[in-house]
1. Could you please find all residues in region A:25-59 being assigned to a strand (DSSP E or B) and farther than 20 Å from residue A:106 by Cβ?
2. Looking at residue A:72, is it out of contact with any Phe, Trp or Tyr (no Cβ under 8 Å at 6 or more places or on another chain), closer than 15 Å to residue A:10 by Cα, among the hydrophobic types (A, V, I, L, M, F, W, C) and in contact (Cβ under 8 Å) with a residue 40 or more places away in the chain?
3. Name the residues in region B:1-55 that are among the β-branched types (Val, Ile, Thr) and either within 29 Å of residue A:8 (Cα to Cα) or touching an Asp or Glu at 6+ places or on another chain (Cβ under 6 Å) (or both), would you?
4. Taking residue A:51 and the conditions (1) within 12 Å of another protein chain (Cβ to nearest Cβ); (2) touching a Lys or Arg at 6+ places or on another chain (Cβ under 9 Å); (3) at pLDDT below 95, which numbered condition does it fall short on, given that it satisfies the others?
5. Can you spot a residue in region B:9-19 that is closer than 21 Å to residue A:42 by Cβ and within 14 Å of chain A (Cβ to nearest Cβ)?
6. Would you check which residues across region B:21-45 are of a type in the set (S, T, N, Q) and surrounded by 15 or more Cβ atoms within 10 Å (Cβ to Cβ) and list them?
7. Confirm whether residue A:68 is more than 10 Å from the chain's Cα centre (by Cα), within 9 Å of chain B (Cβ to nearest Cβ) and aromatic (Phe, Trp, Tyr).
8. Please pick out the residue among A:84, A:100 that is over 10 Å from the mean Cα position of the chain (by Cα) and within 11 Å of another protein chain (Cβ to nearest Cβ).
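The values are calculated or read from the model by the stated rules, or taken from the named source; none is laboratory data. All figures in this text were calculated on a predicted structure; none of them were measured in a lab. Glycine also receives a Cβ, built like all others from the backbone with ideal geometry; neighbour counts cover every protein chain displayed.
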Amino acid sequence: AQTVTQSQPEMSVQEAETVTLSCTYDTSESNYYLFWYKQPPSRQMILVIRQEAYKQQNATENRFSVNFQKAAKSFSLKISDSQLGDTAMYFCAYFGNEKLTFGTGTRLTIIP
Amino acid sequence: DTGVSQDPRHKITKRGQNVTFRCDPISEHNRLYWYRQTLGQGPEFLTYFQNEAQLEKSRLLSDRFSAERPKGSFSTLEIQRTEQGDSAMYLCASSARLAGDYNEQFFGPGTRLTVL
């Protein structure tokens, strides 16, 4: 069974700084997808960024980028120029066997 | 289309009562998923449908839980004889086949269930 581990329950950073959230996963599959989802307080889950395992190039979406290390089964999220609106729970997720498996999340607080 | 919607947003019930939740997916999405999220945890998979067919159920889905998607559009999740351990956020997500895969899921706002 696939597992996803997020080892940082909480993080905080000053506005405009850069922060990196860690995620590791375990799988025996060779092709899969990895995601970072954001869940703001009392609001719904939204997709931040997606990575296809067969692609070597790390995904980037504006201020969000990932560092995907397939051999190490590591998938970290970097948020540059952090903004107050980035305050949220961030979940790393693995898509395999037709469903998502989530980590336990990292609560990120951006400090003004 | 405004995205995935769920109803009700909040439900408070007494132990032993039955509850039913509804999910309306994005209209062109033929896959629909249910997840459960307890406080401080990530969502956990419960079940999913492709069109009207229920293709997989998690072991988390005890026989008190039943889900349907009768016409391949909206879905309902019913919990019979609720227990306090059923208190959680129930999330619905939908997806469409994209480049050969259904991996990108769009989530609804969830139904928060509190069992007293």
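1. Within region A:25-59, the subset assigned to a strand (DSSP E or B) is A:25-26, A:33-39, A:46-52.
Listed by number, the list holds a single entry, A:52.
2. Working: out of contact with any Phe, Trp or Tyr (no Cβ under 8 Å at 6 or more places or on another chain): yes; closer than 15 Å to residue A:10 by Cα: no; among the hydrophobic types (A, V, I, L, M, F, W, C): yes; in contact (Cβ under 8 Å) with a residue 40 or more places away in the chain: yes.
It is false that residue A:72 is out of contact with any Phe, Trp or Tyr (no Cβ under 8 Å at 6 or more places or on another chain), closer than 15 Å to residue A:10 by Cα, among the hydrophobic types (A, V, I, L, M, F, W, C) and in contact (Cβ under 8 Å) with a residue 40 or more places away in the chain.
3. Filtering region B:1-55 down to residues among the β-branched types (Val, Ile, Thr) leaves B:2, B:4, B:12-13, B:19-20, B:26, B:38, B:47.
Selection gives B:20, B:26, B:38, B:47.
4. Just one mismatch for residue A:51, condition (2).
5. Scanning region B:9-19 turns up at least one residue that is closer than 21 Å to residue A:42 by Cβ and within 14 Å of chain A (Cβ to nearest Cβ).
6. Of region B:21-45, the ones of a type in the set (S, T, N, Q) are B:27, B:30, B:37-38, B:41.
Result: B:30, B:37, B:41.
7. Numbers: more than 10 Å from the chain's Cα centre (by Cα): yes; within 9 Å of chain B (Cβ to nearest Cβ): no; aromatic (Phe, Trp, Tyr): yes.
No: the conditions fail for residue A:68.
8. Details: A:84 fails: within 11 Å of another protein chain (Cβ to nearest Cβ).
After applying the criteria, what remains is A:100.
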